[in-house]
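Please read the structure below before turning to the comments.
Coordinate-derived values only; no laboratory data. Being a predicted model, the structure only gives us computed values, none of them experimental. Cβ coordinates were reconstructed from backbone atoms using ideal geometry, including for glycine residues, and neighbour counts include every protein chain displayed.
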Amino acid sequence: MASSQLLRLIAIFFVFKAAYFQCPRECNCYWFQNDRHLLSKKRTSDHKHRYGFPLEVTNLVVTNSNISTLRDGNLDSLSNLTELKMLSLSSNGIGFLNVSYFHNLNNLSSLAVTGNNLSSSSLSVFNILHELLFINLAQNELRSIPNKAFEANVNLDALILENNKISHISRYAFKGLSLLSLLVLSGNLISTLHQDVFLDLIFLNSLNLENNALETVSISLWRSNTELRRIKLAMNKLQTWNLDVFQNLTSTVDISLENNQMRIFTCYEKYLLSEVTHVDLSHNLLSNIPTDCFLAFPNLKVLRVTSNRIHFIEELSFLHLPKLQTLELDDNFITSLPPKLLDAVFNFVDLTVRNNNISVIPEGLLKAGGDFRLEIDGNPLVCNCSNVHFYEWLLRPKSQFPPLICEGPIDMKGVTLLESNLTERCNSELTTVLNEDVTTVANTSVTVVIVQYGFVMGIFLFVLLPLGIASFKKRESD
């Protein structure tokens, strides 16, 4: 009880501190005097109301209020907040922005109007806010970005337009945004991009185009974006892995292409993308990984090719990736692993091949030049002598594996590989085989002697004996 009264007194103190500000009774208002931050949030009613804000406020958040427009006087004091640096009007149902509300906000650097009903016609409002560094218009009703929509926002560093309904971006939509470093266009309906659309974004660092409808990308699209480090193209409809598209991206470190419809690798040796460390090709329709496809990525550390249709991996597919640290090949149709798969890798490698059709782990792979961790559960492993080297490899100190269930032979089905005692079984089988071989050799030797004896006797009886008898009879006749 005492604590609640204390909090109430503190609240009253701050209200009187800014006496000219009266919080509407429909809202809960929080005034943070130290950093001049005001948060206003709808509490009970859906009635429209007028606000009067402390003039010295620098950070203003008005959220979950029933403000359908900013032109009916419901935020008539907004233009007086000349000290305002951060403004958030998210989740208010705003469908229209009146430029007069922003006339005097010369210090505004961050603006968020997410979760509203803004259309593309509202974008011209921001042209008077020359100091803006950050604009977030996510989750609105934008359907297109017209030419020079943000041309006056020359200092803009981040522009977020995700989860709208954008299907068309004009050729010069981002004209003048040479300082922009972050552009987020994910969750829209973009199917094509003009090759000049990013031409002015010479300092672009991160581009997110995930969850659109892109089928192809022009090889000239990023010709001026040499500072681009992260490209996210996941969840589109791209069909070909074509290095021509990335030829100018000499600074890129991360390429995300998962959840597309790629069936084909187009490999080249003429490009060198030496900064790329992460490539994600998961959830596509790739059926193989040709040799030398990653020649362009000598410093690649993480490669993900999970959930494709790969049946076969060529012996030298990853020969030119000496710095590889993570290789994920889960959820494919791989039947065998090349013994020299990791021969060129000198780092500790996480190799995951879960849920494939692998039955035997080759001894050569287990003796690769670098150390590695293997995740192979969900494969039809056979617990016979062809896997004895893998069994012994599992017995290494600090080796941790989930239970690996034997799928064969029949007498071992359902037993875990570690319980199979393969070394003892194989040694016993070897002894039996050797004994059988000795017996076979002995029997073979006896047979050979008998055969040889029979052969000599045959010669004597059928060749020498008749000759001797004939010679004897001839002497008697003489």
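A few remarks follow.
- For segment 283-349 versus segment 86-117, the gap between their alpha-carbon centres in whole angstrom: 48 Å
- In order through segment 382-389: 3J(HN,Hα) via Karplus (6.51 cos²θ - 1.76 cosθ + 1.60), integer Hz, x for Gly, Pro: 9, 9, 10, 5, 5, 10, 5, 5
- Placing one equal scatterer on every Cα of segment 144-273 and applying the Debye formula, the log10 ratio I(q)/I(0) at q = 0.13, 0.17, 0.21 Å⁻¹ is -0.50, -0.87, -1.35.
- Remark on segment 250-343: Rg and Dmax equal 12.4, 37 Å (Cα only).
- Three semi-axes of the equivalent ellipsoid, segment 320-391, Cα gyration tensor, whole Å, largest first: 20, 14, 9
- For segment 316-331, 3J(HN,Hα) computed residue by residue from phi via the Karplus equation (6.51, -1.76, 1.60; θ = phi - 60°) reads 10, 4, 10, 4, 9, 10, x, 9, 4, 10, 9, 10, 10, 10, 5, 6 Hz, glycine and proline entered as x.
- Label point at F203 placed 7 Å out along Cα→Cβ; residues across segment 226-255 whose backbone nitrogen lies under 20 Å: 226-231, 249-253
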